[in-house]
Amino acid sequence: MKLVADKIIELALLEDMPFGDVTSELLVDKKTKAKGEFIAKENGILCGIDLIPLIFEKIGKVEFKAKLEDGAALKKGMPFASVEGSARTLLAGERVALNFLQHLSGISSRVARLKNPKVLDTRKTTPGLRYLEKYAVKVGGGKVHRFSLSSAVMVKNNHIDIVGLKPILSKLKPDPFIPVIFECRDLAEVEAALGVSPRGVLLDNMNLSEIKRASKLIRAKDRKIFIEVSGQINDSKLAQFRKIDIDGISMSSLTRGVRPLDISMRIR
């Protein structure tokens, strides 16, 4: 995680202080020391704590202490970490540190509230932050799905519409290293997909009756095939899948449009 996080943090700091923190450099003596304390302003699930020392250490020397680890429950008013060092360093890194903590903790908290271990993330993530956002989904108790276009051969509707179903089926072969996942819009496509022994089948925008029938077809073929459902699934729709034999439920809302968790940094 550190290698990817380093690059993301460098870009975030460059964005926030391309020419330094001109206000603090003008007003605060470089010898002034300070302590910053991170405090939860609402209940939630902590995520991103290990990024905090990485952020401040790119600006100056600090002493960081954390009382909790990622995945821990935060309670309103709870102080959970502190950082000590130059006041200039703390002031320069405050916003970037809070942006990461609030955003990632917001995602992990949102996933945890669903209390559904079958929920999956998607590739609908904030550009540049996918690695961290998918990590936050995992911290919250969700499943991390296909990471990138390089992770699997995933046949989607657009591929079928552009290339044609038969030509695609002729090119697909089981691969021990790169899984084949087939996105299906109807039962006919499910039956066609099963002919190439896919690692996973995604049932896209099907109604409950179709999903039940598709699940039975897939299980009869191979119980190891990962069955996923997707298509405008919101929190209120999750309950309807409880009694259906599926393995995953894709929800873009796990990472898209999530409200940040309210966390503050008090500097003294």
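Observations, loosely collected:
- Filtering region 81-96 to residues that are over 22 Å from G20 (Cα atoms) and surrounded by fewer than 20 Cβ atoms within 10 Å (Cβ to Cβ) leaves only S82.
- Verdict on S148 being of a type in the set (G, A, S), modelled with pLDDT under 95 and assigned to a loop (DSSP other than H, G, I, E, B): yes
- When region 97-128 is filtered for residues that are outside any helix (DSSP H, G or I) and surrounded by fewer than 19 Cβ atoms within 10 Å (Cβ to Cβ), the ones remaining, listed by number, are K115, N116, P117, K118, T122, R123, K124, T126, P127, G128.
- The residues in region 233-252 that are in a helix (DSSP H, G or I) and touching a residue at least 60 places away in the same chain (Cβ under 8 Å) can be counted, and the count is 4.
- Options K61, K33: the member that is surrounded by fewer than 17 Cβ atoms within 10 Å (Cβ to Cβ), over 30 Å from A239 (Cβ atoms) and in contact (Cβ under 8 Å) with a residue 40 or more places away in the chain: K33
The values are calculated or read from the model by the stated rules, or taken from the named source; none is laboratory data. What you see is a predicted model, and the numbers here were worked out from it, not measured in a lab. Glycine also receives a Cβ, built like all others from the backbone with ideal geometry; neighbour counts cover every protein chain displayed.
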